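A.B. asks: Below is one structure. I have some questions about it.
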Amino acid sequence: VSADGRFVVVNNRATARITMIAANEEDCSDNDNNNTITTSQNPNDLLAWNTENDWADECIIWSTKLPAAFADSNAGPRAVTWNLGTWNYDTCSYEDPKIFVGYRPQANVAHMAVLNSATGVIEDTVIINPWNVGNNNWGPYGAALDAEQNVWFTGLRGNVYKIDGNDLSVQTWAPPGNAQFYGMTVDGEGRTWTGGCSGPVYRFDPMDETFTAVPGTQACHRGVAADREGHIWVASNGPCGVAEVDADTATLVEFHNLAPCSTPVGVS
């Protein structure tokens, strides 16, 4: 979701497509000039996607197909995040935000494509070679932005990466030996959090480049999110529920059992 909440981009790893959709009708386009915005109103009102670049929903702004043919959907786009763009002092707002999308175009190589959010055109590509992760079948798995507009991402059961927001240079850190990274996020202090499946929740502090395991969180963790109150929330499949972690002390506040509970994955 864009920082201003007006747009969302959705990845389709099977078709290698990234599609941007407007949340508000004033940002949509009256393509057929009938003075009405035609857009889906609910899950039972999904409008047709006719051909590769022809759709009935006028709140779809653009859809971009990545320049790669994937042997299977595992290599397709997963990790995605927006940056804020450039601050305009005259308008007192950010302008021209970029979208970072990760995928694996070939064996042992990953790309983070940088897209123009207005057009969907790929303006730059950050190449990670070699792409040394725990499971090379997948590309970048999760991505998040820090307060300095650096892009952080991880591979499935692999390394932690940072793309510098200014020059697009890449840094990487290998995980501790027992880490099995799955979900990830960045908190308000710029620390990266990962949920292991299987394994503990880990905090990575870029200031001293150290990993800290959260005691009592040995499980299969999936999605991770940070709130504004200093807590990290992590989906857990076994045991089934949500772990609440204190971000500053890296300790478990409470494990919230869910009933009924099956396979919680995403957290936001």
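A.B. asks: Over the range 212-268, what is the mean sequence separation of C-alpha contacts under 8 Å (at least six apart), divided by residue count, expressed as relative contact order in percent?
C.D. replies: On the way: 120 pairs, mean separation 19.4, N = 57.
In percent, rounded to a whole number, it is 34.
A.B. asks: Further question on the same structure: What order do Val224, Val265 take when sorted by accessible area (1.4 Å probe), most exposed first? Could the numbers behind the result be given before it?
C.D. replies: Details: Val224 15, Val265 60 Å².
The most accessible residue leads, giving Val265, Val224.
A.B. asks: Another question, if that's okay. Each residue of the range 185-197 in order: what ³J(HN,Hα) in whole Hz does its phi give by Karplus 6.51 cos²θ - 1.76 cosθ + 1.60, θ = phi - 60°, with x for Gly and Pro?
C.D. replies: Per-residue couplings from phi come out as 7, 10, 8, x, 9, x, 8, 8, 10, 9, x, x, 9 Hz.
A.B. asks: Pop out the carbon and sulfur fraction of the accessible area of the chain as a percent, whole number, probe 1.4 Å.
C.D. replies: Within the chain, the accessible surface is 47 percent carbon and sulfur.
A.B. asks: Same structure, new question: Which listed residue (Ser117, Cys59, Ile127) has the Cα farthest towards the positive end of the charge dipole for the range 1-154, taking +1 on Lys and Arg C-beta and -1 on Asp and Glu C-beta about the Cα centre?
C.D. replies: Positive-most Cα among the choices belongs to Ile127.
A.B. asks: Could you list the GluC sites (Glu not before Pro) in the range 224-268 that lie in coil according to DSSP, counting only those with at most 12 other Cβ atoms within 10 Å of their Cβ? Walk me through the numbers on the way to the answer.
C.D. replies: On the way: sites: Glu229, Glu244, Glu254; in loops: Glu229.
Passing both the DSSP loop test and the Cβ count: Glu229.
A.B. asks: Under a 5 Å amide H to amide H cut-off, with H placed in plane at 1.01 Å, what residues pair with Val253 once short-range neighbours are removed?
C.D. replies: Glu244, Val245, Asp246
A.B. asks: Quick one: among Val126, Val234, Val201, which has the greatest mean-square fluctuation in a GNM of the chain with alpha-carbon springs under 10 angstrom?
C.D. replies: It is Val126.
A.B. asks: Once phi is turned into ³J(HN,Hα) by the Karplus curve 6.51 cos²θ - 1.76 cosθ + 1.60 with θ = phi - 60°, what whole-Hz value does each residue of the range 88-100 show in order, with x for glycine and proline?
C.D. replies: 10, 5, 6, 9, 6, 7, 7, 10, 6, x, 10, 10, 9
A.B. asks: Output the relative contact order of the chain, whole-number percent, from Cα pairs under 8 angstrom with separation of 6+ residues. Walk me through the intermediate numbers first.
C.D. replies: Numbers: 679 pairs, mean separation 24.7, N = 268.
Computed value for the chain: 9 percent relative contact order.
A.B. asks: Using modelled backbone amide H atoms (1.01 Å from N, in-plane), which distant-in-sequence or interchain residues come within less than 5 Å of Trp55's amide H?
C.D. replies: Under 5 Å from the amide H of Trp55: Asn50.
A.B. asks: Dimensions of the range 168-216 along principal axes (Cα, Å, largest first)?
C.D. replies: Projected onto its principal axes, the Cα set of the range 168-216 covers 33, 20, 19 Å.
A.B. asks: Give the Kirkwood hydrodynamic radius (Å, one decimal) of the chain, defined as one over the mean of 1/r across all pairs of different Cα atoms.
C.D. replies: Details: mean 1/r = 0.0509 Å⁻¹.
Result for the chain, one decimal place: 19.6 Å.
A.B. asks: Quick one: which residues, 5+ away or cross-chain, put their amide H under 5 Å from the amide H of Gly139? H built at 1.01 Å from N.
C.D. replies: Amide H to amide H, under 5 Å and 5 or more residues apart or across chains, Gly139 pairs with Arg104.
A.B. asks: Give me the log10 of I(q) over I(0) for the range 198-260 at q = 0.12, 0.23, 0.30 Å⁻¹, as the Debye formula computes it from C-alpha points; what are the numbers?
C.D. replies: Log10 I(q)/I(0), no solvent term: -0.27, -0.94, -1.42.
A.B. asks: Tell me, which cysteines of the chain are without a disulfide-compatible partner by the Cβ under 4.7 Å rule?
C.D. replies: Cys92
A.B. asks: At most 14 other Cβ atoms within 10 Å and a DSSP loop assignment: could you name the GluC sites (Glu not before Pro) in the range 26-66 that fit?
C.D. replies: Values: sites: Glu26, Glu52, Glu58; in loops: Glu52, Glu58.
Sparse-neighbourhood loop GluC sites (Glu not before Pro): Glu52.
A.B. asks: Run the dipole for the range 99-189 about the Cα centre, Lys and Arg Cβ at +1, Asp and Glu Cβ at -1, nothing else charged, and hand back the magnitude in debye, nearest 20. Could you put the intermediate results ahead of the total?
C.D. replies: Details: 3 positive and 8 negative charges, 101 e Å.
Charge dipole of the range 99-189: 480 debye, to the nearest 20.
A.B. asks: Using θ = phi - 60° and the Karplus relation 6.51 cos²θ - 1.76 cosθ + 1.60, list the HN-Hα couplings for the range 155-160 in order, rounded to whole Hz, with x at every Gly or Pro.
C.D. replies: Values per residue, Gly and Pro as x: x, 5, 6, x, 7, 9 Hz.
The values are calculated or read from the model by the stated rules, or taken from the named source; none is laboratory data. Remember, it's a predicted structure, so these values are computed and weren't measured experimentally. A quick note on method: Cβ atoms are made from the backbone with ideal geometry, for glycine too, and the neighbour counts reach across all protein chains shown. Remember, those area values only see protein heavy atoms, side chains included, never the ligands or the DNA or RNA. Shrake-Rupley method; radii C 1.70, N 1.55, O 1.52, S 1.80 Å.
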